[in-house]
């Protein structure tokens, strides 16, 4: 099938006087350009880009790695033709048994694609690395399946792609003693490796520069004005205000990154630097600006300005990227390269253990490993000491220990079903809103469908309790939003879901409805004083329909938020990164709710929420493939058994590695897989949970050693691209090329045979002919 989307939108509002004036997208370009408005083509590109962002965000929430790209294949430099779809009517005809000339519709496209892939197999690799840096043979097969048809053509194309000089094998296939595959081979492309290695090399050069130092008197004045800062926040400020062209701060959730950045911004400005901020999402950019005083925009906005020749960086600039752990390799490489070219300083702040980047790579982690970082590990957000300790457990991959701390205090609550868990959240949130109306709170879920259900249930409960008016006579009004019809009334919680400069709202901002009328509502945004205590915003739903009830929101949108209390609904798609974010948003209290129809008990819940969703970079395989010596880059840290039983090595020790991280752990995992196959369903569940828990503990130990190692590392020394990597795969590539040639020869011979068959029959009639 060809899965695709059609976007339908209204272009005019229906008023009492008929249709409203034409919207900008309906106007001719001459009219638009005369008023300094974007052309219709530019508006369409913007719509496609916004659809890409929305779709990819929901794919990430669903735990899927696949991503879409709003650009056409031509814009991406791809010659592969996207496969045509039959359309709804042709599909219905086919399903009802009628003959549909599918070959006439897309067979020619498939044939041209097959020929192109034989000639330029790197085209397929470009499609794959738009979604992930590191991939396996199954990813290649999926990409080919979307472009060509027919078993023989598929096999020939697959062989061509796997034999392409652009392909780099990062890790060979591993098999157990019984010959079964223990771990699939992992690949990337030369271009992707060059992007990620080039990014680290550029960061290394910046880290060796000494042109951006801040005089000690300015740093001292900034710190003296903030006597509440901790010792590690002082250290982080001094790290950021050093002379290096790049500085990195890894801060755990709630460790005071924003407060520290405010002090650093003050010191930079005292020294005469211009400080600029950026983040992937509008909400994160707004949060950075409010908390640190650094004027901020989205990364996409900066890129658009630079492409138009506006707002380019200079030597007197400091460029701060917050929530850098969510930025893809290509995008972060672009910004680091721009800073190096301009002679500006770039500062990366984030936590690689929180939400993962939507596109390819885990760039922030790779850069932090390469140049070293200051760490904010003392959690300050939570009021209780045990909660701060639990936050550190979540950050260190010890999700089980973090959950156990909350379970021991009755903050992990099981209901018989998911629906009953939602009912429990509704009751507890309602009580909280009545008892502490001035307090702040978040209701969090991973899936959008759960958020929608929580919003409806909490709102209904408030209406039943008389806290919200019900019915048109009482002032309730219904509006058509981007997600369907919604009713709003004064007192409703509301969330804004798109950036809008005219309104001054960013994606993810929350508020309280103050007034509603026909086609319009006003809301007071959340502010420092509490919910609905900020500035007022008036919204015409005909012009801005990206609005919804804001009692509950996704975990993804909550990253960077701080509230008094958090209520979290567990679901099967969650991993340790989502759990970490969800369970560290609060100051006073967090509760986790789960249904036994999804999680039998605390052990099952902990095992599921401990899974890793971390993305890989090509640098994760640098040591294994011998690239470290060639690049001076190391990121694949391995821990000896002796080291596993004690605390992390001191800074100078550089955790010693032996190769048991791969063979030993994976051998244990393979043995467990054999045990699971022959076990009963209940025993199988326990074994799977135990396996997940064991892997999580191993990852925690490895993470501890990594931290000690990274802190002791200076900037990575590097010289040139790895030229010998492809030599290691030369024999395999030659074999695959030979196979591809044989496949092509067989196809050509079959085509010749088919062409000649009718003529042979004519010349050699059978008896009696």
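None of the figures in this text is laboratory data; all of them are computed from the coordinates on show. These figures come from a predicted structure and were not determined experimentally. Glycine gets a Cβ as well: all are built from the backbone with ideal geometry, and neighbour counts include every protein chain shown.
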task = Provide the convex hull volume over Cα atoms per residue for the stretch 165-397, in Å³.
result = 147 Å³
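In whole percent, what relative contact order does the stretch 201-337 give with Cα contacts below 8 Å and a gap of six or more residues?
Relative contact order for the stretch 201-337 comes out at 23 percent.
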query = For residue 572 and residue 30 in the same chain, what is the full-extension length gain: residue separation times 0.36 nm, less their Cα-Cα distance, in nm?
reply = 189.8 nm
remark   = Neighbour-count ranking for 386, 268 (other C-beta within 10 angstrom, fewest to most) reads 386, 268
remark   = A chain fully extended from residue 502 to residue 465 at 0.36 nm per residue, minus the present Cα-Cα distance, gains in nm 9.7 nm
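Can you run the Rg to Rh ratio on the stretch 507-598? Use alpha carbon positions and the Kirkwood inverse-distance Rh. Don't skip to the answer; put the middle values down first.
Values: Rg = 15.7 Å, Rh = 15.1 Å.
Reported Rg/Rh (Cα atoms, Kirkwood Rh): 1.05.
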request  = Starting from the alpha-carbon convex hull of the stretch 308-457, give the projected area averaged over all orientations, in nm².
outcome  = 13.5 nm²
request  = Work out, step by step, the length gained on full extension between residue 137 and residue 518: first 0.36 nm times the residue separation, then minus their alpha carbon distance; give nm to one decimal.
outcome  = 131.6 nm
remark   = Pseudo-spin-label distance residue 177 to residue 535, built 7 Å along Cα→Cβ, given in nm, is 7.0 nm
query = For the stretch 428-609, what's the relative contact order in percent, using C-alpha pairs closer than 8 Å and at least 6 residues apart?
reply = 24 percent
Neighbour-count order for 440, 164, fewest beta carbons within 10 angstrom listed first = 440, 164
key: Calculated over the stretch 158-259: convex hull of Cα atoms, volume per residue (Å³)   = 181 Å³
